[in-house]
1. Scan 337, 318, 244 and give me the residue that is open to solvent by less than 10 Å² (accessible area, probe 1.4 Å) and under 22 Å from residue 182 (Cβ atoms).
2. May I ask you to verify whether residue 237 is open to solvent by less than 40 Å² (accessible area, probe 1.4 Å) and of a type in the set (Asp, Glu)?
3. Looking at 137, 161, 96, which one is modelled with pLDDT of 95 or more, open to solvent by 30 Å² or more (accessible area, probe 1.4 Å) and under 30 Å from residue 185 (Cα atoms)?
4. One residue is enough: does segment 125-133 have a residue meeting the conditions over 20 Å from residue 50 (Cα atoms) and surrounded by fewer than 16 Cβ atoms within 10 Å (Cβ to Cβ)?
5. Would you check if residue 2 is surrounded by fewer than 20 Cβ atoms within 10 Å (Cβ to Cβ), part of a loop (DSSP other than H, G, I, E, B), among the β-branched types (Val, Ile, Thr) and at pLDDT 95 or above?
6. Could you please find all residues in segment 22-44 being under 21 Å from residue 132 (Cβ atoms) and either touching a Ser or Thr at 6+ places or on another chain (Cβ under 9 Å) or assigned to a strand (DSSP E or B) (or both)?
7. With (1) open to solvent by less than 10 Å² (accessible area, probe 1.4 Å); (2) closer than 30 Å to residue 148 by Cβ as the list, and residue 258 as the residue in question, which single condition is left unmet?
8. Say whether the condition of being open to solvent by less than 50 Å² (accessible area, probe 1.4 Å), within 18 Å of residue 37 (Cβ to Cβ), in a strand (DSSP E or B) and not β-branched (Val, Ile, Thr) is met by at least one residue in segment 174-191.
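The values are calculated or read from the model by the stated rules, or taken from the named source; none is laboratory data. Just so it is clear, the structure is predicted and the values come from calculations on it, not from any experiment. Cβ placement follows ideal geometry from the backbone for every residue including glycine, while neighbour counts extend to all protein chains displayed. Accessible surface areas use protein heavy atoms only, side chains included; no ligands, DNA or RNA. Shrake-Rupley method; radii C 1.70, N 1.55, O 1.52, S 1.80 Å.
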Amino acid sequence: MTAVRHTQVVIVGGGQSGLAAGYHLRRLGVDFVVLDAQSTPGGAWQHAWDSLRLFSPAAYSSLPGRPMPVQLGETYPDARHVVGYLAEFERRYDLPVHRPVRVSGIHRDGRHLRIETDAGNWRARAVISATGTWWRPFLPAVPGRSDFRGRQLHTVGYSSPHDFAGQRVVVVGGGNSGAQIAADLAYDTELTWVTQRPPRFLPDDIDGRVLFDVASARRRALDEGRTDHGGVASLGDIVAVPPVREARDAGLLKASPMFDRLDRDGVVWADGTRAPADAVIWCTGFRPALSHLASLGLRGPRGRIATAGTRVVDEPRVHLLGYGDWTGPASATLIGVGRPARDAAREIAELLEAGE
């Protein structure tokens, strides 16, 4: 029987959020481990499509303590560059990452939490959940989806336009993923881009730097009881990174409204208009991957876990990190996760010091 191992803090997830949390815990002298389900460093970035680009230059896409180096010849780094950066960050700070280790459940165990994994159990005083959303893609309940005879995939399954050359492809989604993948496919496929509302491109001079500042300003306003100015959503939905800008300016990114249903051969609008398709790519977002917390019974009536900052209200030994504005302004971004990671580490250090 495998012995239970002990540490002060377990971080679940070894992507950007888990590494940022580890950096700050190390600086505070807290004993911790990172349990990562992936077999290699890089988090979800190592599974991204080939042409994916960051929204910000390298200097504005860094984790705490270590600036991201510039990628030669690129203003906006690609996913492979991010993977290399995260792997180097992990090595540089000698973070104790155990992989591949999949966490199956977390349970209360007196003053401790018991973390069950496929590689044995751990006991810790606190847990930081940093699993992100990539592992839980969302597919909308569109009528006829099961009838369609062509290929269907979510953003997570898309790799390259070469896989669809010469085909009729419907891309569903008006966010950044939908726009980038539609731009990727615009040249070598018969593309139909479908969005819930007309696509809103941000001005060409706005990128992740501005978005982070706007998200932070909105959070400060809400915390101080001032008027909600809408944050990033008030500016637009799509960052015009160079490939998107080029396809848009070439007239190749013309969006159609959302269709009503699918049939065997393609998509159908309410007025009977049809678009035959060989493939449908659903760029329809994600949900937080939190099944490992189910045994703690933390979800409220609408399925949301109540938090104060990153700390779970009903279980203060658990912190959620990197799930978007829910757990900190722009906390699902490289540059945005640093501050909530620091705050979570400090709160946990105070909890440990108080012996609670």
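1. Step by step, each of 337, 318, 244 is checked, and only 244 is open to solvent by less than 10 Å² (accessible area, probe 1.4 Å) and under 22 Å from residue 182 (Cβ atoms).
2. In short, no.
3. Testing whether each residue is modelled with pLDDT of 95 or more, open to solvent by 30 Å² or more (accessible area, probe 1.4 Å) and under 30 Å from residue 185 (Cα atoms) leaves just 137.
4. no
5. It is false that residue 2 is surrounded by fewer than 20 Cβ atoms within 10 Å (Cβ to Cβ), part of a loop (DSSP other than H, G, I, E, B), among the β-branched types (Val, Ile, Thr) and at pLDDT 95 or above.
6. Residues satisfying the conditions are 32, 33, 34, 35, 37, 43, 44.
7. (1)
8. no
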